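Presented below is the structure to which this report refers.
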Amino acid sequence: MKHRRTSLPCGFQEDALIAVALDEADAALRQAVHTHIRLCQACCGVYARYCSVQQVLTALQDQRDVEEP
């Protein structure tokens, strides 16, 4: 499957929001994303949704870790 970079309507890269939400970004990218989402409501909403997905995945993994012997 080919990976396709997606630009949001404001021109910001969705990959950057995902990387920060998944805690896979370096400090410079985290800074850039947090600066941008303070100014861009659309990206702030997208970032919040990715953070929610990350929280659900973490909770599922934590639950799985508890259930496995």
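The values are calculated or read from the model by the stated rules, or taken from the named source; none is laboratory data. What you see is a predicted model, and the numbers here were worked out from it, not measured in a lab. Note: ideal-geometry Cβ built from the backbone for every residue, glycine included; neighbour counts use all protein chains shown. Accessible surface is based on the protein model in full, side chains and every heavy atom, while ligands, DNA and RNA are left aside. Shrake-Rupley method; radii C 1.70, N 1.55, O 1.52, S 1.80 Å.
Some observations on this one:
- Backbone HN-Hα couplings from phi across segment 10-26 [Karplus 6.51/-1.76/1.60, Hz, Gly and Pro as x]: 7, x, 6, 7, 4, 4, 5, 4, 5, 4, 6, 4, 8, 6, 10, 9, 7
- Heavy atoms of the protein chains alone define the surface here; on that basis segment 1-55 has 72 Å² accessible area per residue at 1.4 Å probe size.
- Each peptide among 32-45, 13-26, 50-63 gets the average number of other Cβ atoms lying within 10 Å of its residues, and from highest to lowest they stand as 13-26, 32-45, 50-63.
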